[in-house]
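The values are calculated or read from the model by the stated rules, or taken from the named source; none is laboratory data. Because the structure is a prediction, the values reported are computed rather than measured. We place every Cβ from the backbone using ideal geometry, glycine too, and count neighbours over all the protein chains shown.
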Amino acid sequence: MGMDKRRDMRSFADSGHEAAASPGGNMKFEGVPIAELKVGETVNGIYVLKTREMRTGSNKKPFLDLVFMDATGEVPGKDWNVASEYDLSALPLHKLYYVNARVDTWKDSPQLSVNRMKVAEEEDQAEIVTFVPSAPLAPEQMLAEVYEYAGRIRNTEIRSIVLSMLDDREQKLMYYPAAKSLHHAIRSGLLYHVVRMLRSADAIAGVYPSVDTDLLFAGVLLHDLAKMDEMDASELGMADYSKAGKLLGHIVIGITEIDRVSREIGASPEVVLVLKHMVLSHHEKAEYGSPKPPMFLEAELLHHIDTIDARVYDYDNALKDIKPGGFSEPVWSLDKRNLYRPALGEPVL
Ligand SMILES: [Fe+2]
Ligand SMILES: [Fe+2]
C-alpha cells in the first residue's frame with residue numbers, strides 16, 4: 001500500500017480536491033498554514049519537507065518520520081504506511097510538497113498523520129522561498145546597506161579587506177542564516193544580523209566620540225562572515241555545520257580569511273592585527289570560543305552589540321505569540337528563562 005499510494009499522487013494534485021483554479025486556469029493548490037492546523041481535521045497542505053527519516057516503531061513496523069515547515073512554523077509528520085525497503089531519495093529534502101494528512105496530536109502538539117504526499121509542481125516550487133521563515137527586510141536592500149557602511153570606512157586598507165571579503169561572499173550572504181538553530185536561524189538571517197548591528201554601532205558611535213567607526217564598522221562586517229564557511233546552507237536558509245565548521249568554527253576560519261585577504265592586499269601588520277583581534281575576541285570568553293577577551297574599545301563594543309542583537313532576536317521570537325501578561329516557554333539561549341510580556345495597556349497621556 002505504501003508505494004501504491006505514492007503513485008497516485010498525481011491524481012491527488014490534479015483532482016481539484018481542495019484546489020482552486022488560478023487566474024491562468026492552472027490548478028493551484030491552496031494550503032493550510034502550519035500555525036492554523038486544527039487537531040482532528042484532514043488537511044491538504046503545501047509545506048517544505050525539512051527532514052525525513054525511516055524508523056521502526058515499537059510494533060517493529062517501519063514508518064517515515066518527517067518534519068514539515070512553512071513561513072508560520074514547523075510540524076512533525078508520520079507516515080505509518082511505508083514498506084521497509086522504501087527509498088528515501090523519492091522524497092527530496094527542502095522541496096515543496098502537497099500533503100494530504102490528518103492532524104493528530106503528539107505530546108500536546110499537532111502532528112500530521114500523512115495519507116499522501118507528493119513533490120509540488122514546478123510552478124509552485126518556484127515560490128518556495130515564501131514558505132520559509134525569512135528576515136523581515138529584503139536581502140537586496142540589506143546588502144546595499146552593508147555596502148553603504150563599508151563605503152564609510154575611510155582607512156583604505158581596512159576598507160579593501162572588508163570589501164574583498166564581502167565581494168567573495170555576496171551571493172551566499174543573500175540567503176544565509178546566522179545560525180543553524182539559535183538566533184537568526186532564518187533565510188537572510190546573517191545579513192539581517194549584520195545590518196541591525198551596523199545600525200546599532202552607528203548609533204553608539206554618535207553618543208561616544210572616542211569610538212573609531214572604521215574599526216567598529218569593519219568589526220561588525222567581518223565578525224561572522226565565516227559562518228558561511230562554518231555552515232552549509234541551502235537557498236532556503238536552512239543550515240548544517242560543515243566539516244570545517246565542526247573542526248575549526250567561524251572565529252578561526254574568519255581569522256584565516258582575514259590573513260589571506262590581507263596578504264593579497266599587502267595590508268600593514270597593525271591593521272591586520274586589530275581586525276583579527278576583533279573577530280577573535282567577539283565571543284568574549286574562552287568557553288564561548290574566544291581565546292582572548294576584547295582588549296580595545298571597538299572590540300569591546302563589537303562583543304556587546306553582537307550580544308544585544310542576538311538577545312533582541314531571542315526575546316522577540318520567544319514572545320511573538322505571547323499575550324500581554326503572559327510568559328514564554330523556557331528559552332534555551334537565555335538560561336531556560338521564561339520571558340515575560342509586560343501588560344501596561346494603552347499609554348497614559
Ligand atoms: Fe560569532
Ligand atoms: Fe554575531
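Here are some notes:
- Taking the criterion of being at pLDDT below 95 and of a type in the set (Ser, Thr, Tyr), the residues of the stretch 123-175 that qualify are THR130, SER134, TYR175.
- Put simply, of ASN317, ASN338 the only residue that is more than 14 Å from ligand 1 (Cβ to nearest atom), within 19 Å of MET197 (Cα to Cα) and under 27 Å from the mean Cα position of the chain (by Cα) is ASN317.
- ALA120 vs. criteria within 16 Å of ligand 2 (Cβ to nearest atom) and modelled with pLDDT under 95: no
- Long-range neighbours under 6 Å by Cβ, at least six apart or interchain, first residue assigned by TED's automatic domain parsing to the domain that holds LEU302 within the stretch 245-263, second at pLDDT 95 or above and among the hydroxyl-bearing types (Ser, Thr, Tyr): VAL261/SER164
- Matching residues in the stretch 75-93 - criterion: being under 24 Å from SER181 (Cα atoms) and crowded, with 16+ Cβ neighbours inside 10 Å: VAL75, PRO76, GLY77, LYS78, LEU91
- Contacts under 7 angstrom Cβ, first residue in the stretch 300-312 being outside the structural domain of SER290 (by TED's automatic domain parsing), partner within 11 Å of ligand 1 (Cβ to nearest atom) and in a helix (DSSP H, G or I), 6 or more apart: none
- Candidate set from the stretch 129-178 (those that are of a type in the set (Ser, Thr, Tyr) and part of a helix (DSSP H, G or I)); member that is farthest from ligand 1 (Cβ to nearest atom): THR130
- In the stretch 158-182, the residues that are closer than 27 Å to ASN317 by Cβ reach residues that are surrounded by fewer than 17 Cβ atoms within 10 Å (Cβ to Cβ) and of a type in the set (A, V, I, L, M) with C-beta atoms within less than 9 angstrom, at least six apart or across chains, in these pairs: TYR175/VAL129.
- Here the stretch 91-106 is the region considered, the condition is being assigned to a strand (DSSP E or B) and of a type in the set (A, V, I, L, M, F, W, C), and the residue that is farthest from LYS38 (Cα to Cα) is LEU96.
- Neighbours by Cβ (under 9 Å, 6+ apart or cross-chain): first from the stretch 126-137, farther than 16 Å from ASN317 by Cα; second of a type in the set (Ser, Thr, Tyr) and in a strand (DSSP E or B): PHE131/TYR47
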